[in-house]
Amino acid sequence: MSLRIYNTLSRDVEDFSPLVPGHVRMYVCGMTIYDLCHIGHARMMMAFDVVQRWLKASGLQVTYVRNITDIDDKIIKRAVERGISIRALTDEMIVAMHQDIGALGIEPPSLEPRATEYVPQMLSLISTLEEKGLAYRGSTGDMNYAVRKFPGYGKLSGKSLDELRAGERVAVLDGKQDPLDFVLWKSAKESEPEDAKWDSAALGHDYGLGRPGWHIECSAMSCQTLGETFDIHGGGADLQFPHHENEIAQSEGANGKPLARFWVHNGFVRVDNEKMSKSLGNFFTIREVLAQYDAETVRFFIVRAHYRSALNYSDAHLDDARNSLKRLYTALSLVEPAAVTIDWTNPFAARFKAAMDEDFGTPEAIAVLFELAGEVNKTRSAELAGLLKALGGCLGLLQGAPGRYLQAGAGLDEASIQGQIAERAAAKQAKDFAAADRIRQELLAKGIVLKDSSSGTSWEVLS
């Protein structure tokens, strides 16, 4: 079965093959860096981490570009509030982002361009659009995109210009010829800090002091790093309109070529049936969540839902994720997994592959892992345990030591627990079974269950 991916542009699942055989080029809109990342951001980066992992597991080379927006209104405002430079703020937030998503096992992209490093390319793109009659200087000095002059506008969102026009506030034009038009280059304001301004003349253009608009950043960075047409463009569902629609208008308006063949969007994280967002104040940072739950539980919670579906966040769902993941690790704790190379003709592996090849179907793939864990429980097969671990690795799961995961979260001193286990063993050897049973019950009251085997006694946190 060939890989099939849902394409937002066609609104259908399509067979996928890269433009360059064996090599996938993927661009994903990354973070605007002014604060710590929350779980909604983690969901986006996790979704494309799984995509990248599966493409590689399928034998494909992947060039994965995930950009960083390090200049915009929110960044400027936060830097001014803190009394630091924009670069100091964004450097700090990038380090924090890397720490947080690294803890979740999200692999770094091949390239992570910063918008401020590509201002010359953005200006060149604006110049091309102006030459083609798609960009104009507004009355406020901004350079704007003339949306109605691009015939394909609305094809990604599926909205007509009349529908989009009806949703605009006609009174708010900001120097534009049409409310639908959007800014490409923002003319500098006196109130803005100097490090928020670029001299376009020094870069060979006559657009004055200013800075790039948000949408032009990704058009310039994706084209510069991956070419004028590439395989996959991704991001959160909230970027479908207007950001990705505007990217298409800019890039295809300038180059006359399709920007991306597949447009892939992940679903929202919701809290009490509302999208998690900083503007609503209903968000939980990755750091806050990791203070309560271990990283692999959080990863499992996100990955077990299909990337396009809404993901409901709650402590109850995370508790359930931990208990579910414990079942998989319990199977791996029964026998030392053999080192295996995945045989995709194996029935379990074949079903796992079929699930992932159908638009990265992680819920069905994880169901296969539980079936396989059941077989490991019954057979104690090292080879099946190895296959379970290897398939889990395709999703960034099950690579830790089973005992450590099963014992995590106890909130107790491990040395103390081991001391009580040793005390119990001594009591049993002395045939003081009452004392041994008392120790077992004391630990059980603290949420620690003991498991005796021929190799000794292990422990884990009671579900």
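The values are calculated or read from the model by the stated rules, or taken from the named source; none is laboratory data. Every value quoted in this text rests on a predicted model; they were computed, and no experiment measured them. Note that each Cβ is placed from the backbone with ideal geometry, even for glycine, and that neighbours are counted across all protein chains shown.
A few comments on the model shown:
- Annotation note: of Gly235, Gly208, the sole residue that is small (Gly, Ala, Ser), under 20 Å from Thr69 (Cβ atoms) and either modelled with pLDDT under 95 or buried (at least 16 other Cβ atoms within 10 Å of the Cβ) (or both) is Gly235.
- Set side by side, the residues Thr69, Thr128, Thr116 differ, and just one is over 30 Å from Arg270 (Cβ atoms), of a type in the set (Ser, Thr, Tyr) and crowded, with 18+ Cβ neighbours inside 10 Å, which is Thr116.
- Those strands (runs of 3 or more DSSP E) of the range 9-66 in which 3 or more residues are assigned by TED's automatic domain parsing to the domain that holds Glu247 and farther than 23 Å from Arg304 by Cα occupy 23-28, 61-66.
- Residue that is touching a residue at least 12 places away in the same chain (Cβ under 8 Å), crowded, with 22+ Cβ neighbours inside 10 Å, among the small types (Gly, Ala, Ser) and farther than 17 Å from Ser127 by Cβ, where the choices are Ser157, Ser222: Ser222
- The residues on offer are Ala331, Ala321, Ala316, Ala249, and the sole one that is outside the structural domain of Ala382 (by TED's automatic domain parsing) and in a helix (DSSP H, G or I) is Ala249.
- Residues being in contact with a Ser or Thr (Cβ under 9 Å, 6 or more places away or on another chain) and surrounded by 12 or more Cβ atoms within 10 Å (Cβ to Cβ) - total across the range 9-21: 3
- Applying the set (1) of a type in the set (A, V, I, L, M, F, W, C); (2) out of contact with any strand residue (DSSP E or B) (no Cβ under 8 Å at 6 or more places or on another chain); (3) in contact (Cβ under 8 Å) with a residue 60 or more places away in the chain to Ala291 leaves exactly one unmet item: (3).
- Sole residue being buried (at least 16 other Cβ atoms within 10 Å of the Cβ) and either out of contact with any helix residue (DSSP H, G or I) (no Cβ under 8 Å at 6 or more places or on another chain) or acidic (Asp, Glu) (or both), chosen from Lys378, Lys389, Lys326, Lys353: Lys353
- Contact annotation: residue pairs with Cβ atoms under 6 Å, 6 or more positions apart or on different chains, pairing a residue in the range 51-76 that is free of Cβ contacts under 8 Å to residues at least 60 places away in the same chain with a partner that is buried (at least 20 other Cβ atoms within 10 Å of the Cβ) and small (Gly, Ala, Ser), are Arg66/Gly30; Ile68/Gly30; Asp70/Ala115.
- Set side by side, the residues Ile126, Ile106, Ile84, Ile76 differ, and just one is under 20 Å from the mean Cα position of the chain (by Cα) and either over 30 Å from Gly152 (Cβ atoms) or outside any loop (DSSP other than H, G, I, E, B) (or both), which is Ile106.
- Restricting Pro242, Pro179, Pro193 to residues that are over 26 Å from Pro120 (Cα atoms) and either out of contact with any strand residue (DSSP E or B) (no Cβ under 6 Å at 6 or more places or on another chain) or assigned by TED's automatic domain parsing to the domain that holds Ala88 (or both) narrows the list to Pro179.
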